[in-house]
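Here is the structure we will look at.
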Amino acid sequence: MAGERLEDILAEHLAVIFCGINPGVTAAALGHHFAGRGNRFWRTLHLAGFTPQEIRPENDRTILQYQCGLTAVVERPTARADQLSLHEFIAAAADFERKVACYAPRFVAFLGKAAYCALSGQRDVTWGLQAKTFGNASVWVLPNPSGRNRAFTLDQLVGAYRQLCLAAGESRV
């Protein structure tokens, strides 16, 4: 069902909550996470070992079976992440941190550096595990799997996501 807001897929005490910057226009219109034709999220997740098979976007809720959830920092859908303002991240920060604390995952994985930099106030962060927690969860920063992000090959994405999979103890490969 089409909508203006993409619903979170969350449950308490998950191993990982994957946190996008904001929903893409296609994902919001279809009502399913990472539904854009070029998005590599579901393939990456499978190849990294989080799921035994590649989940189709229309079956996105099944991710909960694998101790993973999905959300976004900013709820407003856009065609490109650079269409968001710093003000939108700042406005979303407190509610987002409360959401993470409420659901209490072991890890919150930010997909791309932009959202985590905006929320943490850090100008530059490294990929991978961060020193600070967020909402009492360990933070991991992963490359964004968007089809627009061609700075990372599929193999590079899989390698980065596999490190989190192994840290979370959820590897199924």
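The values are calculated or read from the model by the stated rules, or taken from the named source; none is laboratory data. Nothing here was measured: the structure is a model prediction, and the numbers come from that model. Heads up, the Cβs are rebuilt from the backbone with ideal geometry, glycines too, and the neighbour counts pull from every protein chain shown. Accessible surface is based on the protein model in full, side chains and every heavy atom, while ligands, DNA and RNA are left aside. Shrake-Rupley method; radii C 1.70, N 1.55, O 1.52, S 1.80 Å.
For this structure, a couple of remarks:
- Average Cα contact separation per residue, the range 96-154, under 8 Å, 6 or more apart, as relative contact order %: 41 percent
- Proximal charge balance of Cys117 [Cβ under 13 Å; K/R count +1, D/E count -1]: +2
- In percent, rounded to a whole number, the relative contact order of the chain is 30, using alpha-carbon pairs under 8 Å and six or more apart.
- Coil-residue chymotrypsin sites (Phe, Trp or Tyr not before Pro) of the range 127-173, DSSP, other Cβ within 10 Å capped at 14: Trp127
- The Kirkwood hydrodynamic radius of the range 26-170, based on inverse pair distances between different Cα atoms, is 15.7 Å.
- Residues of the range 26-170: accessible area per residue with a 1.4 Å probe, Å²: 49 Å²
- Of the peptides 32-38, 120-126, 59-65, the ranking by mean beta-carbon count within 10 Å, highest at the top, reads 32-38, 59-65, 120-126.
- Accessible-area composition of the range 56-164, carbon plus sulfur, in percent [1.4 Å probe]: 50 percent
- Near Asn149, once Lys and Arg are set to +1 and Asp and Glu to -1 for all other residues with Cβ below 13 Å from its Cβ, the sum equals +4.
- Between amide H atoms placed 1.01 Å from N, distances below 5 Å from Leu129 occur with Val141, all of them 5 or more places distant or on a separate chain.
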